[in-house]
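Student: One structure is given below, represented as structure tokens, and several questions about it will come after.
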Amino acid sequence: EVQLVESGGGVVQAGGSLRLSCAASGVTFENYAIGWFRQASGKAREGVSCISISDTYYGDSVKGRFTISTDFAKNTVYLQMNGLKTEDTAVYYCAAKGGIFRLWSFCENPPESGYWGQGTQVTVSS
């Protein structure tokens, strides 16, 4: 059984920061990758950042601004978002995928099924 719960979203001014949390249960980080994805109104879902036990991946639009990390003791994956831009406004979801695969492939191709959280809204104002 896998369950994911996102939190930490909110409204922030451009240039500000937020830290999102993905609390995971039923997940062993040795065998699962966790990804952050987002979907803005009228746009397709896109990968933001993903992490496995041995690798991390960042989308080009967030590289240098966002940082993904894992707190193993708390079974939680964080997404620290700095230098937020209005175009970062979206609902942010986390997802889990088990098995052996290329992390970048998982992050660039949001799974149509599997384990997803409920999402948390991030709104960046100008």
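Student: Could you name the lysines whose alpha carbon sits less than 25 Å from that of residue 85, not counting residues in the same chain fewer than 8 places away?
Tutor: Cα-Cα hits under 25 Å: 43, 63.
Student: Just to check, using Stokes-Einstein with a Kirkwood Rh over alpha carbon pairs, what's the diffusion coefficient of the range 15-126 at 20 °C and 1.002 mPa s in µm²/s? All intermediate terms of the calculation are to be shown ahead of the outcome.
Tutor: Working: Rh = 14.0 Å.
Translational D for this selection: 153 µm²/s.
Student: Tally up the carbon and sulfur contribution to the accessible surface of the range 8-49 as a whole percent, 1.4 Å probe, everything protein left in place. Please report the intermediate quantities before stating the final value.
Tutor: Numbers: 880 of 2010 Å².
Carbon with sulfur: 44 percent of the solvent-accessible area.
Student: Just reorder 71, 88, 55 by solvent-accessible area, largest first, 1.4 Å probe, all chains present.
Tutor: Output order, biggest surface exposure first: 55, 71, 88.
Student: How far is it, in nm, from the label point at residue 86 to the one at residue 69 when both lie 7 Å from their Cα along the line to the Cβ?
Tutor: Simple spin-label model gives 3.1 nm for this pair.
Student: Follow-up. Rolling a 1.4 angstrom probe over the protein chains, ignoring ligands and nucleic acids, what is the accessible area of residue 57 in square angstrom, nearest 10?
Tutor: 60 Å²
Student: Further question on the same structure: Starting from the residue with the highest accessible area, list 53, 100 in decreasing order, probe 1.4 Å.
Tutor: Most to least solvent-accessible, the answer reads 100, 53.
Student: Please work out the C-alpha center-to-center distance from the range 11-43 to the range 62-126 and express it in whole Å.
Tutor: Computed from Cα coordinates, the inter-centre distance equals 3 Å.
Student: Also, I was wondering about something else. In Å, what Rg and Dmax follow from the Cα atoms of the range 36-78?
Tutor: 11.8, 37
Student: With every protein chain kept in the model, how would you rank 19, 65, 38 by accessible area, 1.4 Å probe, largest at the top?
Tutor: From most exposed to least exposed: 19, 65, 38.
The values are calculated or read from the model by the stated rules, or taken from the named source; none is laboratory data. Just so you know, these numbers come straight off a predicted model, no measurement behind them. Quick reminder, even Gly has a Cβ in these numbers, built from the backbone with ideal geometry, and neighbours come from all protein chains shown. Keep in mind that these areas ignore ligands, DNA and RNA; they rest on the heavy atoms of the full protein, side chains included. Shrake-Rupley method; radii C 1.70, N 1.55, O 1.52, S 1.80 Å.
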